[in-house]
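The values are calculated or read from the model by the stated rules, or taken from the named source; none is laboratory data. This structure is a prediction, so every number in the text was calculated from the model and none was measured. Here the Cβ positions follow ideal geometry from the backbone for every residue, glycine too, while neighbour counts run over all protein chains shown. Surface areas here come from the heavy atoms of the whole protein model, side chains and all, with no ligands, DNA or RNA. Shrake-Rupley method; radii C 1.70, N 1.55, O 1.52, S 1.80 Å.
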Amino acid sequence: MTDYNIGDAATRSGVSAKMIRHYEAMGLIPKARRTAAGYRNYAESDVHILRFIARARDLGFSMRQIADLLGLWQNRRRRSNEVKALALTHIAEIEARIAEAQAMKATLEHLVHCCHGDERPRCPILDSLADAKEEAPPPSTATRASASRSGVISSPLRRHTSRR
């Protein structure tokens with residue numbers, strides 16, 4: 001059985017040592033065995049799990065979804081429809097973020113089109129950003145991010161897209 005120290009495990013898996021410790025603390029990978037000197041040792045199976053996690057992160061899965069996927073991957077009696085349902089939910093989340101990004105892009109394109117970009121101080125881009133006073137104060141960044149993903153919060157810039 002080959003054991004790897006955290007640096008070797010990081011190199012072999014493509015996951016930083018800091019993230020390996022984080023995943024271990026979260027319970028995504030088993031607690032590392034320790035040497036007599038207290039250094040972490042990882043087995044090839046741990047490195048394989050780390051590669052799985054890295055690939056899932058590359059595909060944009062959340063930590064909760066990765067935990068679910070790991071559980072399904074490690075369960076030989078799993079039903080593939082559970083995995084497919086999780087992936088389809090993730091696709092829907094990605095599509096929602098894409099739609100939101102496209103709306104932001106369209107708004108910015110419109111504002112850039114309206115801006116003369118010359119020596120005059122008037123700028124529709126800045127005017128639009130300052131126009132937020134018509135709405136309630138924005139929620140905290142964390143709340144805005146999660147609510148924005150669900151479509152609850154409309155950006156002050158979005159109302160300008162209809163003026164195109």
Worksheet, complete the sentence: Residues in the range 51-98 that are more than 12 Å from the chain's Cα centre (by Cα) and among the acidic types (D, E) total 3
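Which count do you get for residues in the range 22-32 that are open to solvent by 30 Å² or more (accessible area, probe 1.4 Å) and either over 16 Å from F52 (Cα atoms) or more than 25 Å from the chain's Cα centre (by Cα) (or both)? Before you say what the answer is, go through the steps one by one.
Here is the first cut: in the range 22-32, the residues open to solvent by 30 Å² or more (accessible area, probe 1.4 Å) are 22, 25-27, 30-31.
Within this subset, residues satisfying the condition of being either over 16 Å from F52 (Cα atoms) or more than 25 Å from the chain's Cα centre (by Cα) (or both) are 25, 31.
The qualifying residues number 2.
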Worksheet item: Which residue out of R76, R97 is modelled with pLDDT under 95 and either within 30 Å of P30 (Cα to Cα) or of a type in the set (D, E, K, R) (or both)?
Response: R76
Item to complete: Inspect all residues belonging to the range 9-21 and state whether any of them is within 20 Å of the chain's Cα centre (by Cα) and either within 30 Å of S128 (Cα to Cα) or among the basic types (K, R) (or both).
Response: yes
Response to the item:
Taking the range 98-124 and keeping only residues that are closer than 30 Å to G60 by Cβ and either open to solvent by less than 50 Å² (accessible area, probe 1.4 Å) or free of Cβ contacts under 8 Å to residues at least 12 places away in the same chain (or both), one is left with I98, A99, E100, A101, Q102, A103, K105, A106, T107, E109, H110, L111
Worksheet entry | Residue ID - nearest to L69 (Cα to Cα), chosen from residues in the range 33-55 that are open to solvent by 70 Å² or more (accessible area, probe 1.4 Å) and of a type in the set (K, R) | R55
